[in-house]
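For reference, the structure is listed below as structure tokens.
The values are calculated or read from the model by the stated rules, or taken from the named source; none is laboratory data. Please read all numbers here as calculations on a predicted model, not as lab measurements. Here the Cβ positions follow ideal geometry from the backbone for every residue, glycine too, while neighbour counts run over all protein chains shown. Surface areas here come from the heavy atoms of the whole protein model, side chains and all, with no ligands, DNA or RNA. Shrake-Rupley method; radii C 1.70, N 1.55, O 1.52, S 1.80 Å.
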Amino acid sequence: MYVIHTEKAPGAIGPYSQGYEVNGVIYTSGQIPVDPVNGSVPEGIVAQAEQSCKNVGAILEEAGSGFSQVFKTTCFLADMGDFEAFNEVYAKYFISKPARSCFAVKTLPKGVLCEIEAMAVKK
């Protein structure tokens, strides 16, 4: 098992890692839309989905993988009313159309609107 860490994604805000590689499979922790440079959270679901995707991408890149190697994601939305807008952003990044679960949840850390976790293989 190898811990994945990059400064290009926000650091963990709890007792967990950004991701792990186990037997060639990368598991990312859920990524909320926090800018890793200044810790800010953008406004609105489109901007937040973009930042969450970028954060997942940074972890995948650090692990020697990428969006086209993702085979499963789990997505969390604070409001299912954001589903369509979230999907439009998500589709630009997760081009391999991985298997996915998407849930509406009561709240997310820092009051954000979305969170994404992914599983991928190495390139």
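Listed values, structure above:
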| read-out | value |
| --- | --- |
| The range 1-109 pair-distance distribution - Cα-Cα, 5 Å bins, rounded % | 2, 12, 23, 26, 21, 12, 3, 0 |
| Nearest-20 debye value, the chain charge dipole, Cβ charges on Lys, Arg, Asp, Glu | 360 |
| Helix axis angle, 83-93 relative to the chain longest principal axis, alpha carbon, degrees | 30 |
| Calculated from backbone phi, Karplus (6.51, -1.76, 1.60) coupling profile of the range 112-123 in Hz, x at Gly/Pro | 6, 9, 8, 8, 9, 10, 9, 10, 8, 9, 6, 5 |
| J(HN,Hα) series, the range 10-18, from Karplus relation 6.51 cos²θ - 1.76 cosθ + 1.60, nearest Hz, glycine and proline x | x, x, 4, 9, x, x, 8, 9, 5 |
| Accessible-area composition of the range 26-123, carbon plus sulfur, in percent [1.4 Å probe] | 54 |
| Relative contact order (percent, whole number), the chain, Cα cutoff 8 Å, 6+ residue spacing | 33 |
| Cα-based helix-to-principal-axis angle, 45-62 vs the chain, degrees rounded to 10 | 10 |
